[in-house]
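Participant: Have a look at the structure that comes next, please.
The values are calculated or read from the model by the stated rules, or taken from the named source; none is laboratory data. As the structure is a prediction and not an experimental result, all values here were calculated from the model. With ideal geometry, Cβ positions are generated from the backbone for all residues, glycine too; neighbour counts draw on all protein chains shown. Remember, those area values only see protein heavy atoms, side chains included, never the ligands or the DNA or RNA. Shrake-Rupley method; radii C 1.70, N 1.55, O 1.52, S 1.80 Å.
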Amino acid sequence: MAGILGILAFDDVWNVSRFLYYGLIGLQHRGYSRSGIAILNKQRNIFTKLENVAPEDLEIKDLNGWAGIGYAGIRNKYPMTLDNGAIVVDGIIDDTNILNQVIKEPEKIIDEIKKPISFIAISKEGQLIAYRDELGLKPLSIGGFGFDLAVISSEPTSMLVIGAEFKREINPGELVIVDKYHIESKQVRMSRKSYCTIEYVYQARIDSIVNEKDIYDLRVKIGEELALEYPIRTDSVIGVPETALPFAIGYSRKLNIPLDLGFTRTGSPIRTMLSSDAFLKVVGVQLKLNPIKSAVKGKRIILIDDSMVTGTTLKNTIFNLRKLGAKEIHVLIGSPKLISQCPYGVEVPEEKELISANLDDEKIARVLGADSIHWLSLEGLFRVIGHRNLCLGCMTKKYPW
């Protein structure tokens with residue numbers, strides 16, 4: 001998973017480096033361990049800055065140009081320099097030589113791509129070229145900054161950060177080419193929608209719009225669905241910040257159980273699901289989730305999280321709540337069980353590492369230290385989203401590609 005961004009000014013007097021920098025910060029919830037910017041200057045030269053840091057720590061003072069692309073994720077090869085430009089990719093592509101031809105013959109090369117990816121490329125001739133995979137697994141949106149800038153991004157969140165206006169989502173299978181004079185759109189592959197479920201329940205930021213769904217409203221509805229499926233009477237409902245807070249709001253409203261802010265955060269947001277560092281998975285709990293004692297002491301609690309992978313993060317969270325005096329802890333997960341690895345670039349580990357794939361509910365609750373644990377049902381997920389055009393591979397082992 002990654003956040004990708006492209007910005008093109010309709011006049012080369014602009015310097016878009018700062019727009020790219022702040023736009024990437026608006027995408028770093030999609031990946032924060034690698035980031036980079038490639039920028040095109042007036043002399044038609046492309047300069048690239050790529051570092052193993054979060055976007056907010058990327059040094060850009062030497063970058064100056066009127067068009068460029070940016071990347072926030074976990075792979076250290078983007079932006080990738082091409083013969084006649086540069087490219088950023090959300091997804092996994094086995095043959096990177098194919099990408100070198102994207103600028104020259106985008107339609108032809110798209111037919112040779114064998115896995116679902118979205119990409120944004122910048123050419124030395126001043127074209128911004130973007131494509132979203134035919135399944136729509138990797139989101140991509142287009143917007144603008146008045147009549148001055150065109151913006152293409154994984155999510156509208158990056159547009160909001162820089163004051164740009166979100167126009168629409170790029171359709172699955174759609175190719176978009178932008179230059180100083182016009183915007184061209186073409187449906188180069190037939191859309192066969194199979195949207196990534198993880199985008200809805202975890203990946204997208206809560207103020208985003210993905211696949212025509214307002215993420216905040218959808219997650220509140222997931223909380224309401226959890227309340228219908230598992231109406232557990234307790235003293236308090238707590239959501240794990242920040243993704244699961246809307247789940248907790250929906251659950252609380254539906255059952256009229258008080259909602260508490262159970263945690264406060266230390267430092268920058270850390271998404272432990274994205275980390276391959278076992279130490280960070282443990283320490284990251286304390287960095288992002290410091291429990292509030294008065295909110296939990298002596299109370300029976302519903303603790304709602306967006307997903308559970310290895311269980312490490314949740315186990316430490318529950319331990320900390322117990323230490324502060326929580327009387328009961330019933331865990332609800334706002335997604336179905338994760339039981340299989342994702343081949344499309346979402347950071348879901350191998351099956352042997354997934355706690356839901358290896359233990360039954362009773363054993364999982366015991367390992368975590370919870371009184372009970374429950375997951376959103378598949379049917380409940382379908383009801384909330386309103387359709388079944390979803391990739392559920394990590395939950396069912398059935399993949400669309």
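Participant: Report yes if Glu105 is open to solvent by 70 Å² or more (accessible area, probe 1.4 Å), touching a residue at least 12 places away in the same chain (Cβ under 8 Å) and over 23 Å from the mean Cα position of the chain (by Cα), otherwise no.
Facilitator: no
Participant: Separate question: Of everything in region 9-45, what is open to solvent by less than 30 Å² (accessible area, probe 1.4 Å) and not in a helix (DSSP H, G or I)? Give them in sequence order.
Facilitator: Scanning region 9-45 gives Ala9, Val16, Gly26, Leu27, Gly31, Ser35, Gly36, Ile37, Ala38, Ile39, Leu40, Asn41.
Participant: Right, here's the next one. Among the residues of region 316-350, which ones are of a type in the set (Phe, Trp, Tyr) and closer than 20 Å to Leu381 by Cβ?
Facilitator: Of everything in region 316-350, just one residue is of a type in the set (Phe, Trp, Tyr) and closer than 20 Å to Leu381 by Cβ, namely Tyr344.
Participant: So for region 380-393 (the condition being assigned by the TED database to the domain that holds Ile257 and under 30 Å from Ser294 (Cα atoms)), does at least one residue qualify?
Facilitator: no
Participant: In addition: Go through the residues of region 380-392 one by one and say whether even a single one is touching a helix residue (DSSP H, G or I) at 6+ places or on another chain (Cβ under 9 Å), open to solvent by 40 Å² or more (accessible area, probe 1.4 Å) and farther than 25 Å from Ile215 by Cβ.
Facilitator: Checking region 380-392: not a single residue is touching a helix residue (DSSP H, G or I) at 6+ places or on another chain (Cβ under 9 Å), open to solvent by 40 Å² or more (accessible area, probe 1.4 Å) and farther than 25 Å from Ile215 by Cβ.
Participant: Looking at (1) open to solvent by 10 Å² or more (accessible area, probe 1.4 Å); (2) touching an Asp or Glu at 6+ places or on another chain (Cβ under 7 Å); (3) closer than 19 Å to Tyr131 by Cα, can you tell me which one His182 breaks?
Facilitator: Condition (2) is where His182 drops out.
Participant: Does Lys221 satisfy the criteria of being assigned to a helix (DSSP H, G or I) and at pLDDT 95 or above? Quick ask: steps written out before the conclusion?
Facilitator: Working: assigned to a helix (DSSP H, G or I): yes; at pLDDT 95 or above: yes.
When the stated conditions are applied, Lys221 passes them.
Participant: Inspect region 370-377 for any residue being open to solvent by 20 Å² or more (accessible area, probe 1.4 Å), among the charged types (D, E, K, R) and in contact with a His (Cβ under 6 Å, 6 or more places away or on another chain) and give the result as yes or no.
Facilitator: Scanning region 370-377, I find at least one residue that is open to solvent by 20 Å² or more (accessible area, probe 1.4 Å), among the charged types (D, E, K, R) and in contact with a His (Cβ under 6 Å, 6 or more places away or on another chain), so the answer is yes.
Participant: Among (1) assigned to a loop (DSSP other than H, G, I, E, B); (2) out of contact with any Phe, Trp or Tyr (no Cβ under 7 Å at 6 or more places or on another chain); (3) within 29 Å of Trp401 (Cα to Cα), there is one condition Arg233 misses while meeting the rest; what is its number?
Facilitator: Every listed condition holds for Arg233 apart from (3).
Participant: Additional query: What residue, of Ser208, Ser191, Ser158, Ser153, is open to solvent by 10 Å² or more (accessible area, probe 1.4 Å), of a type in the set (S, T, N, Q) and touching a strand residue (DSSP E or B) at 6+ places or on another chain (Cβ under 9 Å)?
Facilitator: Checking each option against the conditions leaves just Ser191.
Participant: Condition check: among the aliphatic types (A, V, I, L, M) and at pLDDT 95 or above. Does Ile257 satisfy that?
Facilitator: So Ile257 passes the test.
Participant: Before we move on, is Glu347 without any contact (Cβ under 8 Å) to a residue 24 or more places away in the chain, surrounded by fewer than 20 Cβ atoms within 10 Å (Cβ to Cβ), acidic (Asp, Glu) and not in a strand (DSSP E or B)?
Facilitator: no
Participant: If you don't mind, another one. Collect the residues in region 151-169 that are touching a Gly at 6+ places or on another chain (Cβ under 8 Å) and assigned to a loop (DSSP other than H, G, I, E, B), keeping them in residue-number order.
Facilitator: Ser154, Glu155, Pro156, Ala164
Participant: Among Pro172, Pro139, Pro116, which is the only one that is open to solvent by less than 10 Å² (accessible area, probe 1.4 Å), of a type outside the set (A, V, I, L, M, F, W, C), assigned to a loop (DSSP other than H, G, I, E, B) and over 17 Å from Ile87 (Cα atoms)? I'd like the intermediate steps shown before the answer.
Facilitator: Numbers: Pro139 fails: over 17 Å from Ile87 (Cα atoms); Pro116 fails: over 17 Å from Ile87 (Cα atoms).
From the options Pro172, Pro139, Pro116, the qualifying one is Pro172.
Participant: Only residues that are open to solvent by 10 Å² or more (accessible area, probe 1.4 Å) and either out of contact with any Asp or Glu (no Cβ under 8 Å at 6 or more places or on another chain) or assigned to a helix (DSSP H, G or I) (or both): list them for region 83-94, please.
Facilitator: Within region 83-94, Asp83, Ile92, Ile93, Asp94 qualify.
Participant: Let me ask something else. Filtering region 224-251 down to residues that are among the hydroxyl-bearing types (Ser, Thr, Tyr) and buried (at least 23 other Cβ atoms within 10 Å of the Cβ), which residue is nearest to Ala326 (Cα to Cα)?
Facilitator: Looking at residues that are among the hydroxyl-bearing types (Ser, Thr, Tyr) and buried (at least 23 other Cβ atoms within 10 Å of the Cβ), I get Tyr251.
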